[in-house]
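S.K.: Please read through the structure below; I'll follow up with questions.
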Amino acid sequence: MEYLVALADERQFTRAAEVTGVSQSGLSAAIRNLEVELGTRLFTRTTRKVEPTEAGLALLPFARSMLSSATEARDAVVQVSRELAGTLRVGAEQCLGFVDVGSLLERFHRRYPRVEIAFTQAGSHELLAGVRDGDLDAAFVATSDHVGVLPRAVLGTEPVVLLCPPEHPYATRAAVDRAELGGETFIDFHPSWAIRRMNDEALAARGVHRLVRCTVNDVHTLLDLVDRGLGVALVPRHVAAKPQAARLAVVPLLPDGGADWVVSVVTNSGERQDSPAPHLLELLDDAPVPAT
């Protein structure tokens with residue numbers, strides 16, 4: 001059921017396999033076995049996309065309900081068998097793609113109702129400083145810079161793409177090189193966001209001195225400003241898949257050695273003895289990935 005839901009949400013085997021932490025062949029075999037068991041096709045497959053059939057759409061709400069019931073059952077058992085109190089201090093950058101932080105915190109609260117949750121949303125570099133200084137127990141970040149000796153678990157990686165209005169000269173290109181972007185005007189995030197520093201460093205390494213016309217602290221504002229023709233943007237691939245970006249052109253970047261976008265959870269190496277953070281991390285395997 002987990003594989004079914006992931007494939008229905010992602011509409012491609014590669015991404016669904018990444019989300020569920022299984023090999024693509026393993027996920028494909030599981031879906032085929034389910035189709036054989038039910039005696040009908042649940043998905044139509046093409047070279048570019050996977051779509052649920054009518055039977056797949058009929059099964060989907062029951063699959064979601066089964067997964068939700070299983071999660072609630074586990075939480076109920078833990079709640080009565082393991083008492084936990086204290087404060088969980090956790091932070092996250094906005095719109096990480098590989099983890100639904102809101103859903104994760106909701107489940108943690110349901111399982112450990114006596115734990116007070118103190119949540120902070122900020123840029124990755126600011127969050128890393130909070131973990132390093134002992135102000136945060138855990139943080140979900142999108143950078144591998146300045147992590148040092150902090151314990152870190154990678155949740156996923158994906159490439160950076162160019163977003164531009166459909167009338168832009170690059171909109172019809174199959175791919176673009178970062179070195180070509182010197183004459184462009186950009187919309188980008190505040191320097192505390194990991195993707196901003198990645199973009200600055202990757203373009204500077206290729207001799208590109210760029211103009212950032214608008215600096216934002218919100219993904220939807222960035223998409224809106226690109227849509228209004230105020231500039232182009234370099235963003236992680238999942239941001240380009242958001243409904244608000246539907247009108248925009250998504251152009252892959254040519255391979256040039258530039259870093260991929262990496263999402264991780266980082267914890268405090270000098271963890272408090274009574275820190276609830278390890279119990280939050282235990283829930284990550286069951287945490288849903290937000291639909292784009």
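S.K.: Would you mention how many residues in segment 250-265 are outside any strand (DSSP E or B), of a type outside the set (A, V, I, L, M) and closer than 20 Å to residue 194 by Cβ?
M.R.: Of the residues in that region, 4 qualify.
S.K.: Related question: For segment 97-122, what are the residues that are assigned to a loop (DSSP other than H, G, I, E, B) and surrounded by 21 or more Cβ atoms within 10 Å (Cβ to Cβ)? Even if it seems obvious, please write down each step before you answer.
M.R.: Looking only at segment 97-122, we keep the residues that are assigned to a loop (DSSP other than H, G, I, E, B), and these are 97-100, 112-114, 122.
Of everything in segment 97-122, those that are assigned to a loop (DSSP other than H, G, I, E, B) and surrounded by 21 or more Cβ atoms within 10 Å (Cβ to Cβ) turn out to be 97, 98, 112, 122.
S.K.: Might you let me know whether segment 123-142 holds any residue that is surrounded by fewer than 20 Cβ atoms within 10 Å (Cβ to Cβ), of a type in the set (A, V, I, L, M) and not assigned by TED's automatic domain parsing to the domain that holds residue 235?
M.R.: yes
S.K.: Something else about it: Take the conditions under 19 Å from residue 275 (Cα atoms), at pLDDT 90 or above and in a loop (DSSP other than H, G, I, E, B) and apply them to residue 84. Does it pass? Can you show your working first?
M.R.: On the way: under 19 Å from residue 275 (Cα atoms): yes; at pLDDT 90 or above: no; in a loop (DSSP other than H, G, I, E, B): yes.
Considered against the rule, which asks whether it is under 19 Å from residue 275 (Cα atoms), at pLDDT 90 or above and in a loop (DSSP other than H, G, I, E, B), residue 84 comes out as no.
S.K.: Next up: Only residues in segment 46-65 that are free of Cβ contacts under 8 Å to residues at least 40 places away in the same chain count as the first member; pair them with residues that are part of a loop (DSSP other than H, G, I, E, B), Cβ under 7 angstrom, at least 6 apart or cross-chain, and list the lot.
M.R.: 49/11; 49/12; 53/41; 53/42; 55/40; 55/41; 55/42
S.K.: For segment 15-30, enumerate the residues that are in a helix (DSSP H, G or I), surrounded by fewer than 20 Cβ atoms within 10 Å (Cβ to Cβ) and modelled with pLDDT of 85 or more.
M.R.: 24, 25, 26, 28, 29, 30
S.K.: Related question: Give the number of residues within segment 121-162 that are touching a strand residue (DSSP E or B) at 6+ places or on another chain (Cβ under 8 Å) and closer than 17 Å to residue 275 by Cα.
M.R.: The qualifying residues number 11.
The values are calculated or read from the model by the stated rules, or taken from the named source; none is laboratory data. Just so it is clear, the model here is predicted, and its values are computed rather than measured. We place every Cβ from the backbone using ideal geometry, glycine too, and count neighbours over all the protein chains shown.
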